[in-house]
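Visitor: First the structure, then my questions, so here it is.
The values are calculated or read from the model by the stated rules, or taken from the named source; none is laboratory data. Here the structure is a predicted model, which is why all the values come from computation and not from measurement. Here the Cβ positions follow ideal geometry from the backbone for every residue, glycine too, while neighbour counts run over all protein chains shown.
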Amino acid sequence: MLVDEKSSRWAAAGRLARWIMGALSLVGGLTWILAASHGPTDLAVGLVLAAAGLVLLMPHRIELPRRLTALVVAGFAVVGTVAGLVVLTERVGSFAYVADRGWPFMWVQRYAVADDAATARSLAASASWTVDMISLSVNLLVWAYAGMLLVVIGVLMRRNRDGQRPDSAR
């Protein structure tokens, strides 16, 4: 069977992208755990990033079904990010009112500054929401990785149920 040169280039590019994403996710997740763990949310985000980085770096250990993984990753990214909008954080300062939405990172915000807190709150209520695209992208990534980890758990449970072992254990 002849290997098409273009498909082998795309395969090599995909492997390189997976390796770079895995390395950055693993290092970023571990750094996040060490530097930014101020609560359970930060710890969960760091663990998801680190675990997903390991999965991406070791595709030979866990073979994931491509279509199912793509569907679950895309679905979790969208549904998790939209569901995070339920969380509302309001902050009132002496002259400012800020309303944030999003979880684990706030990515939609409206705010106002005025001479007193009551005026700032009423101005913010009539202000339009602004979107932080970087926080939105990170939310999508974290939720996509969470979906991928659920697929990994399902694959490992099925492998355990069927009595299969990884190649190195045979």
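Visitor: Looking at the range 131-138, is at least one residue touching a helix residue (DSSP H, G or I) at 6+ places or on another chain (Cβ under 6 Å) and either more than 22 Å from residue 21 (Cα to Cα) or not hydroxyl-bearing (Ser, Thr, Tyr) (or both)? Before you say what the answer is, go through the steps one by one.
Guide: The initial filter retains those residues of the range 131-138 that are touching a helix residue (DSSP H, G or I) at 6+ places or on another chain (Cβ under 6 Å), namely none.
Checking the range 131-138: not a single residue is touching a helix residue (DSSP H, G or I) at 6+ places or on another chain (Cβ under 6 Å) and either more than 22 Å from residue 21 (Cα to Cα) or not hydroxyl-bearing (Ser, Thr, Tyr) (or both).
Visitor: List the pairs whose first member sits in the range 38-58 and is touching a residue at least 40 places away in the same chain (Cβ under 8 Å), whose second member is in a loop (DSSP other than H, G, I, E, B) and surrounded by 16 or more Cβ atoms within 10 Å (Cβ to Cβ), and whose Cβ atoms are under 6 Å apart, counting only residues at least 6 apart or on separate chains?
Guide: Close Cβ pairs satisfying both conditions: 41/104; 45/104.
Visitor: Here are some conditions: (1) closer than 16 Å to residue 144 by Cα; (2) among the charged types (D, E, K, R); (3) buried (at least 18 other Cβ atoms within 10 Å of the Cβ). Residue 100 meets all but one. Which one does it not meet?
Guide: Condition not satisfied by residue 100: (1).
Visitor: Search the range 73-97 for residues being polar (S, T, N, Q) and surrounded by 12 or more Cβ atoms within 10 Å (Cβ to Cβ), and hand back the single one that is farthest from residue 132 (Cα to Cα).
Guide: Here is the first cut: in the range 73-97, the ones polar (S, T, N, Q) are 81, 89, 94.
With the extra rule that they be surrounded by 12 or more Cβ atoms within 10 Å (Cβ to Cβ), the set shrinks to 81, 89.
Working: 81: 13, 89: 15 Å.
Per the stated criteria, the residue is 89.
Visitor: Just to verify a result, which residue in the range 103-116, among those that are of a type in the set (A, V, I, L, M) and surrounded by 14 or more Cβ atoms within 10 Å (Cβ to Cβ), is farthest from residue 40 (Cα to Cα)? Steps first, please.
Guide: Looking only at the range 103-116, we keep the residues that are of a type in the set (A, V, I, L, M), and these are 106, 108, 112-114.
Next, only the ones that are surrounded by 14 or more Cβ atoms within 10 Å (Cβ to Cβ) stay: 106, 108, 112, 114.
Working: 106: 16, 108: 22, 112: 30, 114: 34 Å.
Checking each candidate, the answer is 114.
Visitor: Okay, moving on. What single numbered condition from (1) loosely packed, with under 15 Cβ neighbours inside 10 Å; (2) among the β-branched types (Val, Ile, Thr); (3) modelled with pLDDT of 85 or more fails to hold for residue 55?
Guide: (1)
Visitor: Here is a follow-up. Looking at (1) surrounded by fewer than 17 Cβ atoms within 10 Å (Cβ to Cβ); (2) without any contact (Cβ under 8 Å) to a residue 60 or more places away in the chain; (3) within 25 Å of residue 39 (Cα to Cα), which one does residue 150 not meet, given that it meets all the others?
Guide: That leaves (2) as the condition not met.
Visitor: For the range 122-150, enumerate the residues that are closer than 30 Å to residue 92 by Cβ, in a helix (DSSP H, G or I) and either of a type in the set (Ser, Thr, Tyr) or assigned by TED's automatic domain parsing to the domain that holds residue 44 (or both). Please lay out each step first, then the result.
Guide: Our first condition is that a residue be closer than 30 Å to residue 92 by Cβ; within the range 122-150, this holds for 122-140, 142-143.
Add one more test, that the residue is in a helix (DSSP H, G or I), and what stays is 122-126, 133-140, 142-143.
Of everything in the range 122-150, those that are closer than 30 Å to residue 92 by Cβ, in a helix (DSSP H, G or I) and either of a type in the set (Ser, Thr, Tyr) or assigned by TED's automatic domain parsing to the domain that holds residue 44 (or both) turn out to be 122, 126, 135, 137.
Visitor: Next up: Taking the stated definitions as given, is residue 168 of a type in the set (S, T, N, Q) and modelled with pLDDT under 90?
Guide: Numbers: of a type in the set (S, T, N, Q): yes; modelled with pLDDT under 90: yes.
When the stated conditions are applied, residue 168 passes them.
Visitor: Output the qualifying pairs, or none if there are none: Cβ atoms under 6 angstrom, residues six or more apart or on different chains, first residue in the range 60-86 and in contact (Cβ under 8 Å) with a residue 40 or more places away in the chain and assigned to a helix (DSSP H, G or I), second residue aromatic (Phe, Trp, Tyr) and surrounded by 12 or more Cβ atoms within 10 Å (Cβ to Cβ).
Guide: Partner pairs satisfying both residue conditions: 76/143; 77/143; 80/143; 81/143; 84/103.
Visitor: Okay, moving on. Please name all residue pairs, on different chains or six or more residues apart, with Cβ atoms under 9 Å, provided the first residue is in the range 89-105 and is closer than 13 Å to residue 115 by Cα and the second residue is modelled with pLDDT under 80 and in a strand (DSSP E or B).
Guide: 97/90; 97/91
Visitor: Still on this model: Looking at (1) closer than 25 Å to residue 51 by Cβ; (2) among the polar types (S, T, N, Q); (3) touching a strand residue (DSSP E or B) at 6+ places or on another chain (Cβ under 8 Å), can you tell me which one residue 139 breaks?
Guide: (3)
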